[in-house]
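Here is the structure we will look at.
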């Protein structure tokens, strides 16, 4: 009877180990931060009936993370967005999405929304190493030049399966 019980415990332990290996350990939430340096490659303005102006932009640049181990460090990034400017020229609504492509050709995507000072962003998904990425954070407008170049700082948390 003891041998049978020991065999059962051995098999049960092996099954638990196999299950743990098959499902992997739970994803750990990681923090990352950095800058997005960009140039506006396309811009279109439209006057709205209430006196505000809608500007649609496409911006291309690179994400530089503060920690080079961040999976999105040095990814080529394109953002497409809309900005509503009030009569004084202040951005009251900013929204859009970005995609980043790393050196391996893997892609991550985010949404963003806010105002001229900054706002929130969140991962929508990705491919390859970014498949299943989840997380969110904040951004702030740091430097914006009249010729369409700029730098936004960002911070956030993410998990990868």
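Values in this text are rule-based calculations from the coordinates and carry no lab data. Since the model is a prediction, treat every value here as computed from it, not as a measurement. Counting neighbours? That spans all protein chains shown, and the Cβs are built from the backbone with ideal geometry, glycine included.
Values computed for the structure shown
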| read-out | value |
| --- | --- |
| Gain on full stretching of the segment that runs from residue 66 to residue 92 - 0.36 nm per residue minus C-alpha separation | 6.5 nm |
| Segment residue 136-residue 80, length gained on full extension (0.36 nm per residue, minus Cα span) | 18.3 nm |
| Shape of segment 27-159, Cα gyration tensor, a/c cut at 1.5 | prolate |
| Burial order of peptide ranges 34-40, 144-150 (average beta-carbon count within 10 Å, highest first) | 34-40, 144-150 |
| Cβ crowding within 10 Å averaged over residues, with 88-94, 113-119, 154-160 ranked highest first | 154-160, 113-119, 88-94 |
| Residue 104 paired with residue 159, simple spin-label distance in nm, labels 7 Å along Cα-to-beta-carbon | 2.1 |
